[in-house]
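One structure is given here, and the rest of the page talks about it.
Just so you know, all these numbers are worked out from the coordinates, no wet-lab data involved. Being a predicted model, the structure only gives us computed values, none of them experimental. Here the Cβ positions follow ideal geometry from the backbone for every residue, glycine too, while neighbour counts run over all protein chains shown.
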Amino acid sequence: MSCMSVTRTYDEINEKIKKGKVVVVTADEVAELAAERGVSYVAKNVDVVTTATFGAMCSSGAFLNFGHSDPPIKMAKVWLNDVPAYTGVAAVDAYIGATEMSESRPFEYGGAHVIEDLVAGKPVHLRATAYGTDCYPRREIDTYVTKDSINQAFMFNPRNAYQNYAVAVNSSDRTLYTYMGTLLPRLGNATYSSAGQLSPLLNDPYLRTIGVGTRIFLGGAIGYVAWEGTQHSPGAKRDENGIPLAAASTLAVVGDLKRMDRRYLRAGVMHKYGVTLYVGIGVPIPVLDEEMARFVSVRDEDIKTTVFDYSVPHRSRPNFGHVNYKELRSGYIEVQGKRVPTVPLSSLERAREIAQALKEWVAEGRLLVQEPVQRLPENQVSRPLEVVGLEEIANG
């Protein structure tokens, strides 16, 4: 994708931020501005556009370092409020995954709740067992920790901020309980999860300004893009404007959990499916040239996504065409000739709040735009898992 001539640089924008002269607007505001004054006006007059999303992001979690007890212990198994954490990293490090469920209260409490409790400053019950070694003789520990008593607590989310996501419907005769919520039979509802024109990766569809090192709003604190997210698939099918028609690019993100705010990190439960974590992410996008001005001026009616029938196994799952986010937000879409009520799984209100907060951070000089130190992959496509034997691998 060739880029138009640069009209401003990261350094120029950051200098304006430092001097308090930066022009920063939210993605909602720039869409209106472009509609009224045109994309060229945006390119000439806007420096930064703030984008945001707040939705269920199951591929999330946090690394925790508890510190060494006396005598010390090499934790082999760890539970936090009865939720198992992964310990295969070091003696007193653990990773708590958002979707891990409590052993005593499955489907009610899980890793996402532990993370929210830590952020809220609540005490968390830590229980650990070990096999004992000469240097780590202790075999068990039972105590309470808080975010202030442990050493490090940093969020590392392997897959967040999907660029676009499908609309889910159910054509079967039974109710389905899925990560897209409860899907009523016979096309009884349609669920979707995106902030549409506010969504970060939809405002930079080719990831020109979002890459490794990009400084972001993560859970109420400053965070960073660490890498491509798992299932990053920028080679997915796109429309004539470059917008992917379903799931495409993703981000792996990192940030200091101790500085986060539970308003932007909330545990959730999908009925009869499991636990998830609602994560608030905001990305400031520098308007480097007219091409970026056009990208950030995208509107809900310009963004299409695909309607999939979740009653069919994934590989052969049929689609029922495309709808745009203006239609989805109207409350109804038409599927197979039927008027189907739509249900958002993400919070547009909270996303707007994040975009506004990020706008203030930039305007006040609390956050500078960061040029990526490395671009994310541009053409790869996420592959399915094939069930094969060793003989098939050996034969190619």
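Could you derive backbone 3J(HN,Hα) for the stretch 280-296 from the dihedral phi with the Karplus parameters 6.51, -1.76 and 1.60 (θ = phi - 60°), listing whole Hz in sequence and x where the residue is Gly or Pro?
x, 10, x, 10, x, 10, x, 8, 6, 6, 5, 4, 5, 4, 5, 4, 6
Using Cα pairs under 8 angstrom and six or more residues apart, how large is the relative contact order of the chain, in percent?
Numbers: 1022 pairs, mean separation 94.4, N = 396.
Here the relative contact order equals 24 percent.
Pairs 16/258; 74/258; 21/44; 304/326; 272/304; 16/44: which are spaced more than 19 Å apart, C-alpha to C-alpha?
On the way: 16/258 30 Å; 74/258 24 Å; 21/44 14 Å; 304/326 9 Å; 272/304 29 Å; 16/44 14 Å.
In this structure, 16/258; 74/258; 272/304 lie more than 19 Å apart at Cα.
Can you list the lysines whose alpha carbon is less than 17 Å from that of residue 77, not counting same-chain residues fewer than 8 positions off?
Output for residue 77: empty list, no partners.
Taking the chain on its own, what percent of its Cα-Cα pair distances exceed 38 Å?
The answer is 25 percent, as a whole percent.
Multiply the residue gap between residue 326 and residue 375 by 0.36 nm, knock off their C-alpha separation, and tell me the result in nm, one decimal place.
Numbers: separation 49, 0.36 × 49 = 17.64 nm, distance 3.11 nm.
In short, 14.5 nm is gained.
Charges on Cβ only, +1 for Lys and Arg, -1 for Asp and Glu, centred on the Cα centroid of the stretch 73-150; of 115, 130, 146, which one is farthest towards the dipole's positive end?
Of 115, 130, 146, it is 130.
Given the DSSP H assignment, sum -39500 (n - 2.57) over each helix run of at least 4 residues in the chain and divide by its residue total; what's the result at 222 nm in deg cm²/dmol, nearest 500?
Numbers: 8 runs with 69 residues, N = 396.
Roughly -5000 deg cm²/dmol at 222 nm, from the helical runs in the chain.
Using the basic label-point model (7 angstrom from Cα toward the beta carbon), what is the residue 135 to residue 394 distance in nanometres?
If labels sit at residue 135 and residue 394, their model points lie 4.1 nm apart.
How large is log10 I(q)/I(0) at q = 0.16 Å⁻¹ when the Debye formula is applied to the Cα atoms of the stretch 58-118, each weighted equally and without solvent?
The Debye formula, applied to the Cα set alone, gives -0.48.
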